[in-house]
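Single-structure report; data block below.
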Amino acid sequence: MFNIIGAIFSGLIIGALARWFYPGAIEMGWIATILLGIGGSLLAGLITSRGQSEFSRAGCLASILGAMALIFLGHAIGW
């Protein structure tokens, strides 16, 4: 139960930071922001996959960059 709440909370923070750092206006609601952050974290986890489960600043930065990559891909395919 707490893992789901933690994923939602961290997804919200990561998604909001990715939207803030991404140049230009990003039109999406809170649910889409949460899903963007969770997707960015999963993308960063797949790319780095070091097997670490504890918090790290490098992992946070990679998650934000992964979410920004998802924003870029979404714009490229016309979402």
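Give the residue that is surrounded by the most Cβ atoms within 10 Å (Cβ to Cβ), with candidates limited to residues of segment 11-23 that are of a type outside the set (Val, Ile, Thr) and free of Cβ contacts under 8 Å to residues at least 40 places away in the same chain.
Residues of segment 11-23 that are of a type outside the set (Val, Ile, Thr), as a first pass: 11-12, 15-23.
Checking the rest, the ones that are also free of Cβ contacts under 8 Å to residues at least 40 places away in the same chain come to 11-12, 16, 20, 23.
Numbers: Gly11: 22, Leu12: 18, Ala16: 17, Trp20: 9, Pro23: 6.
Taking the candidates together, the pick is Gly11.
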For the structure I just gave you, tell me whether Ala44 is part of a helix (DSSP H, G or I), surrounded by fewer than 18 Cβ atoms within 10 Å (Cβ to Cβ) and modelled with pLDDT under 85. no
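The values are calculated or read from the model by the stated rules, or taken from the named source; none is laboratory data. Given the structure is predicted, the values throughout are model-derived calculations rather than measurements. Every residue, glycine among them, receives a Cβ derived from its backbone with ideal geometry; neighbour counts consider all protein chains shown.
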